[in-house]
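For reference, the structure discussed in these notes is given below.
The values are calculated or read from the model by the stated rules, or taken from the named source; none is laboratory data. Keep in mind the model is a prediction, meaning the values are calculated, not measured. Neighbour counts are summed over all protein chains in view; Cβ atoms, including those assigned to glycine, are modelled from backbone coordinates with ideal geometry. Each accessible area value is taken on the protein alone, full model and side chains, heavy atoms only, with ligands, DNA and RNA left out. Shrake-Rupley method; radii C 1.70, N 1.55, O 1.52, S 1.80 Å.
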Amino acid sequence: MFRKRREGLEVLLVHPGGPYFRNKDHGAWTIPKGEVSEGEGLLARARIEFEEELGIAAPATASWIELGSVRQKGGKTVHAWAFEGDCPVDFAAVSNSFELEWPPRSGRIQQFPEIDRAEFFPIEEAKRKINEAQIAFLDRLAETLGPRNK
């Protein structure tokens, strides 16, 4: 999701939850994403992941902009879309959760939120925060929206 402000373009990024990312910032943020099931449409999965990770649905009237795909360092291919919108005034991210043995080899299984926060960032700051491979999505969005949004 992106929004246009007087100061320029801002994009919504999410920060992964769990102990591994707790103290990580630059390079740790990402777009809302997940794994697609066989036979499932990529855009349909993107809509579902947005809602699961943020706790709000994308507007039914959203005009989605396809941003293509990137291959991340670990080999995962990520496909992305963007739409213009904003979060409700009282917004607080509420994501699904996952289980993890923590601390490692402790035998204790704990639940962690898939994402622990979501924030809008000016495009240049977002490029410092986001997973390095996903910078291409921000560049493609700014290019699609025109020169005032870079």
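Structural remarks
- Axis of helix 42-54 versus longest Cα principal axis of the chain: the two differ by about 60°, to the nearest ten degrees.
- With the simple spin-label model, which puts each label point 7 Å out from Cα in the Cβ direction, the Asp139 to Phe91 separation comes to 2.6 nm.
- Expected 222 nm ellipticity per residue - DSSP helices of 4 or more, -39500 (n - 2.57), all of the chain, to 500: -6000 deg cm²/dmol
- Separation between Cα centres of region 96-138 and region 1-65, rounded to whole Å: 11 Å
- Residues Glu99 and Glu119, FRET efficiency given R0 of 22 Å [Cβ-Cβ distance, rounded to 0.05]: 0.30
- For region 3-150, the solvent-accessible area of protein heavy atoms averages 60 Å² per residue (probe radius 1.4 Å; ligands and nucleic acids excluded).
- Apolar share of the accessible surface for the chain: 48 percent from carbon plus sulfur atoms, 1.4 Å probe.
- For the listed peptides 96-106, 70-80, 28-38, a ranking on the average number of other beta carbons within 10 Å per residue, highest first, reads 28-38, 70-80, 96-106.
- Counting only Cβ charges, +1 for Lys and Arg and -1 for Asp and Glu, the dipole size of the chain around its Cα centre is about 520 debye.
- On Cα atoms only, tilt of 135-145 relative to the major axis of the chain in degrees: 30 degrees
- Normalised Debye scattering of region 37-121 at q = 0.16, 0.21, 0.22, 0.24 Å⁻¹ gives log10 I(q)/I(0) of -0.83, -1.18, -1.22, -1.29, counting only Cα atoms as equal scatterers and leaving out solvent.
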